[in-house]
Structure formats: structure tokens, C-alpha cells
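The values are calculated or read from the model by the stated rules, or taken from the named source; none is laboratory data. Note that the structure is predicted; figures quoted are calculated from it, not measured. Here the Cβ positions follow ideal geometry from the backbone for every residue, glycine too, while neighbour counts run over all protein chains shown. Accessible surface is based on the protein model in full, side chains and every heavy atom, while ligands, DNA and RNA are left aside. Shrake-Rupley method; radii C 1.70, N 1.55, O 1.52, S 1.80 Å.
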Amino acid sequence: MASAAQRRIKAISYAKYGYMFIAPFFLVYCFFQIWPLIYTFILSFKGNQSSYADFVGLENYSTILFGKGSSAGAQATQQEFLKALGNTFILWFGNFIPQILLSLLLAVWFTDAKVKLPGKGFFKIVMYMPNIITAASVAALYVNLFGDSKYYFINGTLMNLGMEEPIKFISDPVVSKIMVMYIQTWLWFGNTMIMLMSGIMGINPSLFEAADIDGANSSQQFFKITLPLLQPIMVYTLVTSMIGGLQMFDLPYLYHNGANFSRDLETVAVYIYYSFNKGTVAQANYGYAGAASIIIFIITAILGSITFYMNRDKDAIAKKKQRKKAEKQMKAKMKQGGLTL
Amino acid sequence: MSKLTRTLALLATLAMASSAFVACGGGNTESTGSTAETTAAADGSSEEAADTTAADADSEGGEEQSAGGEITLPSDDDTLTVVCWTDADLANMFDQFSGHAKYQNCGDNGGDASTKYATYLNSGDDVDLFVAEAGWILNYINDDSFSAPLSDLGITADDYKDAYQYTVEIGTDNNGVLKGASWQAAAGGYAYNADLAEQYLGVTSPEEMQAKIDSWDKFEATAAELKEASDGKVTIAATIGGLWQAFSTAKNAAWVDGTTIKTDVAKEFTDMVKGYVDNGYVDPTVEQWSTDWTNVGLNGETLGYFYSTWCLGEGAQLEQNGGNAGNWRIVRGPQDFFWGGSWLCVSPNCNTADQAADFIRQFTVNADTMEEYALYSGDFVNNKVAMDKIVAEGSNSNPLLGGQDQFAVLADVAAGIKMSDSISKYDQSLKDTFLKTLKDNINKDTDAILDAFTSQALADNPDLSAE
Amino acid sequence: MSMKQQYGQPKDNYHAKIIAKSTGIFIVCVILTLLCLVPIYILIVNSTHAHLDLAQNPSRFWFGKSLAANFKTLMNDLPADAGKSAKRVAAQYSSAFNVGRGYLNSLIIAGCTTGLTVFFSALTAYGLVVYDFKLNSAAYTFIIGVMMIPVQVSSAGFVAFMYNLKLINNFIPLIVPAIAAPAVIFFMVSYMKSSFPLDIVEASRIDGCGEFRTFLTIALPMMKPAIAVQAIFAFVANWNNYYTQNMILKNEKLATVPIMVSKVLGFDKNIDNGVNFLCVTLSILPIVVVYFILSKFIIAGVALGGVKE
């Protein structure tokens, strides 16, 4: 049956094309990602400020993690880094929880066939909108509206209405954190909602029908069917959001007034950036920045491998399904063939 | 090795860039790709050109400059590029400078600018001169990869006989090489709203005002009187930051002694300002350099500001924060002080040497042109002859100050500035950290505030140690 | 009769319940919609007021008359008799927030990165799906493995490296790395595995078509849906990227929209709040308008992709 051409093609090895096709990715990735990562790793063993050229071994790590180092500020540096790490988790947690709850609620509502909701499409579009706005602009928007004094929109309005003292939305350590959590939620809830919606819509509708017939009410359906079946996508959202949280930079960095970023909102990403981006080499703390980066890398690697295994499972499941489907089709074909024969 | 990596990298990126055209073929990509390549090419050629013409300039450059020494840097570019972080001064200068010049604004407030400078100056982009601030100039003039001696432009310390000496001392690097020239002597004073002063304090002239605030004790007493009279609506100073400038600089105390952080003055100030805040003499929430700063003045919620000379010209802070009604006056205040100061430094990559030398001479050496500049910009220029002449002739009258001559008020202050022993390369960062810590913790006790500050400063600067 | 009543009531109740629930949900949705839209509305309203008006009363709910004046300040298009102060403000804003140049720079970067990302990701995905070679699964595992590494982790080294290469103030470090986008490759591989018939490659080989041409003329068009989705995300992500751009671009001429916004946010003098608001408005306007035009498609894309960048 195979033609001459087909046979000839079979004989050719196409492996080299495979390498050619993936080569650009690997070249660029190694050049712009792997090498900088190695470079960062090297930097983490070098000194800071005036001793930037010295090799200091693991001192940067021991300084930022345990407060033990030769500099007088070793303990202060440790506190600073741990504060940044703490802020990162506080800010992440404080936006993830409301975000996932709100998104889940909306996703369930929007996919509930029994709820008659006019303008559903419009709501979805508007709720997703914040996600496409530049984070820098979002920070500028909120800073300009929520400024600390009566000269800004929100405080001005509230004080026109009779409030006595302005609320320090920007400089208060607690209020500013809440604001950043709110803005992060504002930015991401639409996105999460739509992802969860697609997850819910992927659930076999016959399950809900069966539950309806058995007389399960909507909260029962939610806890017994939707939530368990949504678990993989929820875990995926959790881990991606966590890794996203570790990178949180634009908003905490730009949400401030005056010349410098707010220390109360200092995340690890801000700490890293600020440490190495302080002017001349002799002013900057490349060593601490490197060490902090590598620590974040390790945390990310742990989180990433969780998703990795999840994704692999998903793939494997999909493959299994496909195989089964193919087998079925084959059987069906054979049956058909058998019939025709 | 670095050369090899660099070549390889450029080859790789060029290959990528060219494969990029094939890839998307969109109009966009093609246009950037080609500009990227042409700029790369242009860079290369200009570097070559710089090398060859450097030799030419050596041979002929000296003859043209009869006034000073020999210009050893090349002059093969026709546009003078000045890197700055604020365009306020340069805009005034360019109004007067006849050469062809442009500025590149690194566009960040004074404190942050130094972080961008290092990157910008190393980027290979065109830069002939750059403006450095007292708070961080030492980082740049003590590093030959950032700055070249002024003598490369044929300008020497002898040219600055009439300058305020502290500017020359600060502009000189650790090896005694003059690397920065300042156009201003940044003396400061207390500018107050004359209408409010009359209304609440019954003061009708600057002399009376000065008499009411010529020491910190009297200043505080007047603050109390003002608070009483205005029912707490008007503060005596707009910001804590302004008070800090007035309080700290004349004490001539360094932030850093060797590598040790000094907090004596900070402690004194913290004690004083906490009292001010408790009594409502200053509003700690008003952020310097922000809308608040402007609005408290425009809305008559503060009696006055501590200003440096660069705040007093048309279009500068005095007008922004006070309006242009001319109802402001300036006095020396409780203590002579100074604030900031900017130096012109030469980039080693300067390729517009003739114009750069002209520019520096026009604004930092030549008494006549500096006098013109002082009258135009309102800035107190760095030349005693020029300033004495203006004051003596009474040729300056500032409409924002109701015709008052700010130079007459500030002349003695400028003569008394002693900054050179007390600056360090950490100043800007330490000052910013201190004021931020102070504002954020104003309700805590002094020791707690200073501990918080020291701890933050040490975390930021592993080079330093605490007392 | 009584039977009917008995059965009828719960049904009415049920309807009433659904209506009540729907109304409740509707109200919540309206509130959320307002929370999304009102800040943007206030922003636009404020950009039509003059600085001095806002200084007197920042609480503005309706449009003012100064939009044109603010715009002229931003464009540095003042009457000749304008005061020095106004001129300084205009000079500062127009050089830091040069709208046209910002849009152009952002467009160049976002356009090029998008093109490179989708093309090379499709290419890599094609290579991984179509060809069988020794390191195939190792390569794919690697790509999945590095998918989650945040840029911050290598940024200290990245900047130091670009510094050494003299690639600061250059678009290359912002554009070329887009060739390597692991997450996009991952998406494309999944897409191809599920909907790309490998037989077609063989068929085209029989027709004598070269491998690269097969990819360009046959595979690429078939991957259009996946490419479109990823192109949109790549474009938005790069248009909005502040972190990397801010590290590399220090020259005003090269500034992109996010950098310009952050500059305006950092102004410490010559502040004009009306113009400030106008700048922020202009920075979000194009992307919001494009979003509303393409919104249905984008939302479908999010549901499809689920790739959070």
C-alpha cells in the first residue's frame, strides 16, 4: 500500500529538524535566562557596597536568613528581609482569599442555569477589565484618588461629608496593606472567575441533573459536586497565584507618596530590586539581592514542582482518555467492519 | 573573557533580530529591527570617530581657548547633552545659552536620581555633562568611569577664585582633582505669607518678622502665638522636611563619621519636632515634594516655607506653593542654613567639549553672564563678585516677594556655608530614611525613632556601623 | 382543589426564591461593576479639571472645562504669553509623558515581543510535537520545569549582564528574550496535541514540501486560534510590563507608557493634578478601548487558556 515516496520519507530521519525547531528557544533561554540566573547565583557569593568585588562565600545567606554576618547591620538586614518575606505572604494571602471566594461565588452564580441574570455578558466583561490595565497606571490611579490628605478625591469627599481626620490610605502601615490587597483583588478577581467558570462548565451537566432529581439543593450541589470536581483547577489557581504573589512588585513599589517606596509594603521582589538598583556598584547591595533571589528561586522551584506534577497528571489522564476513546472507536469500527464484512 | 562574551552576545542578538524579521514580517518589527541595527552601527562609528578626533582635538583645541587651559576631550558632536534629574535649572540656562544643547532628564526626584544615573551614564548613550546633587555627588566624582577632570575642558581651580569656596571643595575628588563646578550657592531662608503674618501676628515688615523668629526659642513662641491666633488653622512651617533643613545644615554635623552613623543632630531635632507636632505647629502628614506641600501654601494653611535659593525664582516652588500674588516675603529665619546645591560634572565620554566648556564657563566662571543668569532665574549664583554687584546696585526685585531682593537677604548666609567637611556619599539615602522614619513613627519616643532609623540605615548600607 | 393548592404553593415559593436570588445576585454584580468602573470614571472626570480647582475641592463628580487646557499643557502647546511657571509645568509633563512617543515605544516593544513569542513558541511546539528525537521529552520537561520561574529571580544578574553588554537603553533586552516563552510553548503543545493531525505533515512531505515550509504554510494557519489567544495575552503582558522596562530603559526617548506613568507619579515639583489625571487616563485609555472591542474574544481566550502571566 505504501507508495515509493512514502517509503522514502519513512527512511529519512527527521530528528535533526526537531533540534532545529527548538534550538532558538534554547539559545535565547540560556542566554537571557539561564546565564543571568547563574550570574545572580555568583553575585550571591559576592560582597555588598564597597566590598562588591570580594568573595564572601555564604555570608549573604547567613546574613539575610539568620542575621549572622560581618556587617554591623547584619541583624537589621535579616529583619528587613524577613519583613519583606512576611509582607509578601501577608499581601498575597490577603488578596488571594477574598479573590478566590468572590470569584468562586460569581462563577457559581454565572454558571447556574436557574439564576436569571440579565446582562451576564456585560458583567463578565467589566469584571475582567481591571486585569488588562497596566499595574503602574492602576497604582497611579489609586494613589491619586486615595491620597493621605484632604486634597485627594476620597478623603476630600469624606471630609466634605463631615469626616474629621483624613484616613491615611497610603502611609498607614495597616491601611496601606489593606488597600494593596484590595487593589490586587480588584485586578485579579475577574480573571480567576472566568477560569473557574470554565472549570465549572467542564463538569458533566448530567451530574447536576441527577442531583436535581435526587432533590439536592444548590448549596449541597456546590459542596458535593462543584467544589470537589473543581479541586484541580483550584489548586492550580492557588499555586500560580502564589508564584505570582512572590513576584508582586509594581503595585507595592509604586503605591506610595513622597520620594521613596513604602517600607510597609516592601515585598521580596521590591527588596531585591531596591538592593541592586541603588546607583553605582559601590552603593548597591548586589550580594544581598543575589542571595534573596536564590532563596525565592528555591521557594518557586518547590511550588513549581507541585504544579509540574499536577500538570503531568492532567496530561497523563488526558492521554489515557484519548487512548480509551481511540480504542472505543476502533472497536466500533471493527464492529462496523464486521457488519459490513 | 568579557570581550568574547560581548561579541558573542551581540552576534547572537543580531542573529535573533534578523531572524525576527523573517518571523513576523510586520511593519513594526521591521522598523525597530532596522533602527536597532542602525543605532548599533552609529554607536560603533561614533566611538571610532571619538578615538580619531581625540588626537585632532589635542593638537588644535588649545589654540582656540585662549582664556584657559587646553581642552583634551573631543568636540565632534554638535549638540551638548546634559543629563539631569530635574529640568528646572537647565531650562533657565538653556534660555540663555547660545549653543546647541539639550537635556536628558533622568526624571526622578533628587533622591532617586542617583540610582538612575549609574545606569544611564554607563549605557553608552550620549552624555557630555551631568548634574550631580550634594547628597550623592561623591559617588560620581570619586569614580573615574563616571567623571572626568574639569581640566580636560581647560577649566581649573584658578577659575573659581570668586566662587564660594565650599562649592570648589565639594567638587574636588579624593585625589584633589577638580571634577565638579556649581552654578549656585544654595543658601536658604524662611519665606512667609505676609498677609497671614499681618492678620495673625500683626507683622508688617520682614524686619519685624525676623525679630520674631531669629532663634529657635522665638520661632517656637511665635508658632504658639500663631496657633492661638488662627485657631490652629495655620502652621508655622509647611513640613518637617523643611524644618530639618533649617535645623540641621548649619550645625555642620555629618551623617557619617568615617563609617559610623552619627545621630546627635537627628536626636536633637527629633526632640524638638515631636514637641512641634504635639502642639500642632507643624502637620506631620504633609509630604514634602507633593501636592500637599503645594496646597497648604496655596490655601493659606501654613505661614511659611523653608526654601533654598533654587525655590525662589519665577516658576519655582515659591510660585508653585504660594501663587503669584506677590504677598510673600523672605527672611533669614531662626538659623542660617543651606539646602542642596548642584554641580556640573564632565562625563569621560564627553564629545562636545568646546560647547561643554563654554557652558560651564558661562554659568560657573564668568561673572557677567552669571549675573544675568541670577537676575533671570532668581537663583543665587556661585560668584561673589556678581552677587555683590547685584545687591549693591539693587538691580534685583522679585515680584513674588513683593519686590524684595532675596539676594540681599541670602548674601551673608551664602558666605557662611561650610558644607565640605560634613558631606558623605550616604547623605541622601540617610536623610530620606531618617525623615521617613520620623514621620511614620512620630508618636513613638525619640529613642525608638532613632533606633528604627539606625536599623534601617544599617540594613541599607552594610558599609556603615552604628555608634 | 386542596391538592392543587398544596402542590402549587411550593412552586410559587420556588419561583419567588429564584427571583429573590437572581435579584440579590444582580445587585451584587452591579456593585462590583461600579467598583470596577467608578475609579475610571472619576479619573476621567478629574482629568477635565484645572489644578487650582482640584486644590480647592478635590471631590469632583462631574466633568470640568479644563480638558483642552490640560491637554495643551501636556502637549507643551501654550500660548506665547503664558507665564514661566506654566511653561515649566508644560515642559516637564511633555518631556516626561510624551504620549505619542510612549504609545509608539510601547507598541514597538509589545508588537515585536508578541510576534516573536507566538512565532517561536509555535515553532518550538511544532518541533516538540511533530518530530521524534532523543531529547524530545527531556526538552519538554525542561520547558515545563522553568515555566514558573519569576523574572525577579534572575533580574539582578540580568541587569548586571546587560550592563556589561552595553545593552542598557536598548530595546533588544526587552524584545529578544520574548523568543523564549515557556508558558506559551506549554499551551501550544497542549493545543497541538489535541487538535493537530500529524498525518497532514506526512501528506505534505509526500507533496515534496520542505519541513520549514510545511510549518509556515500548513501548521501555522491551523494553529491560528491558539496563536490569537496567546498573542493577545503576550501583547497585554508586554504592554503592561513595568519591571523589566524600568530596569533597562533610562532614556526619556525610549520610555514606554508604564515608565512614563511612574515618572509622572514620582514628580516632586511643578505638579499639576489635572494633567496628572490626564496622563493616567491616557495611559489606560488605548488598552481599555481595545479591550472592549475585543472583549468577547478575550474572555473566551481566558477561559480557554487559563494561563496566568
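Residue by residue, here is whether (1) in a loop (DSSP other than H, G, I, E, B); (2) at pLDDT 90 or above; (3) in contact with a strand residue (DSSP E or B) (Cβ under 9 Å, 6 or more places away or on another chain); (4) farther than 23 Å from residue C:288 by Cα holds:
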{"site": "A:130", "(1), (2), (3), (4)": "no, yes, no, no"}
{"site": "A:140", "(1), (2), (3), (4)": "no, yes, no, no"}
{"site": "A:147", "(1), (2), (3), (4)": "yes, no, no, yes"}
{"site": "A:155", "(1), (2), (3), (4)": "no, yes, no, yes"}
{"site": "A:159", "(1), (2), (3), (4)": "no, yes, no, yes"}
{"site": "A:178", "(1), (2), (3), (4)": "no, yes, no, yes"}
{"site": "A:227", "(1), (2), (3), (4)": "no, no, no, yes"}
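Across the stretch A:49-79, the number of residues qualifying as within 13 Å of residue B:460 (Cα to Cα), under 31 Å from the mean Cα position of the chain (by Cα) and open to solvent by 10 Å² or more (accessible area, probe 1.4 Å) comes to 4. Take the stretch B:198-240 and flag every residue that is open to solvent by less than 10 Å² (accessible area, probe 1.4 Å) and in a helix (DSSP H, G or I). Residues satisfying the conditions are B:209, B:219, B:222, B:223, B:226, B:230, B:240. The number of residues in the stretch A:247-270 that are open to solvent by less than 10 Å² (accessible area, probe 1.4 Å), part of a loop (DSSP other than H, G, I, E, B) and more than 10 Å from chain C (Cβ to nearest Cβ) comes to 2.
Residue pairs whose Cβ atoms lie under 7 Å apart, sitting 6 or more positions apart in sequence or on different chains, and linking a residue in the stretch C:162-186 that is farther than 12 Å from residue C:117 by Cα to a partner that is assigned to a loop (DSSP other than H, G, I, E, B) and β-branched (Val, Ile, Thr), are C:162/C:168. Being in a helix (DSSP H, G or I), over 13 Å from residue C:174 (Cα atoms), within 13 Å of chain A (Cβ to nearest Cβ) and open to solvent by less than 10 Å² (accessible area, probe 1.4 Å) holds for only one residue in C:261, C:236, and it is C:261. Taken across the stretch B:447-464, residues that are surrounded by fewer than 21 Cβ atoms within 10 Å (Cβ to Cβ) and not in a helix (DSSP H, G or I) do not occur at all.
Taken together, the residues in the stretch C:165-218 that are touching a Lys or Arg at 6+ places or on another chain (Cβ under 8 Å) and surrounded by fewer than 16 Cβ atoms within 10 Å (Cβ to Cβ) amount to 0. Within the stretch B:331-352, is even one residue closer than 29 Å to residue B:139 by Cα, part of a helix (DSSP H, G or I), open to solvent by less than 10 Å² (accessible area, probe 1.4 Å) and among the aromatic types (Phe, Trp, Tyr)? Within the stretch B:331-352, none of the residues are closer than 29 Å to residue B:139 by Cα, part of a helix (DSSP H, G or I), open to solvent by less than 10 Å² (accessible area, probe 1.4 Å) and among the aromatic types (Phe, Trp, Tyr). Candidates A:178, A:97: the one that is farther than 27 Å from residue B:456 by Cβ, more than 10 Å from every other protein chain (Cβ to nearest Cβ) and open to solvent by 40 Å² or more (accessible area, probe 1.4 Å) is A:97. Only one entry of C:221, C:225 meets the criterion of being open to solvent by 30 Å² or more (accessible area, probe 1.4 Å) and either in contact with a Phe, Trp or Tyr (Cβ under 9 Å, 6 or more places away or on another chain) or part of a loop (DSSP other than H, G, I, E, B) (or both), and that entry is C:225.
Conditions tested, residue by residue: (1) within 30 Å of residue A:303 (Cβ to Cβ); (2) in a helix (DSSP H, G or I); (3) in contact with a Phe, Trp or Tyr (Cβ under 7 Å, 6 or more places away or on another chain); (4) β-branched (Val, Ile, Thr).
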site	(1), (2), (3), (4)
C:72	no, yes, no, no
C:77	no, no, no, no
C:81	no, no, no, no
C:106	no, yes, yes, no
C:120	yes, yes, yes, no
C:123	yes, yes, yes, no
C:129	yes, yes, yes, yes
C:133	no, no, yes, no
C:138	yes, yes, no, no
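The condition of being farther than 26 Å from residue A:193 by Cα, facing chain C (nearest Cβ under 9 Å) and open to solvent by 10 Å² or more (accessible area, probe 1.4 Å) does not hold for residue A:276. Taken as a whole, the condition of being more than 8 Å from chain C (Cβ to nearest Cβ), in contact (Cβ under 8 Å) with a residue 60 or more places away in the chain and open to solvent by 10 Å² or more (accessible area, probe 1.4 Å) applies to residue A:222. Based on this model, can you work out whether residue A:125 counts as β-branched (Val, Ile, Thr), surrounded by fewer than 20 Cβ atoms within 10 Å (Cβ to Cβ), assigned to a helix (DSSP H, G or I) and more than 10 Å from chain C (Cβ to nearest Cβ)? In short, no.
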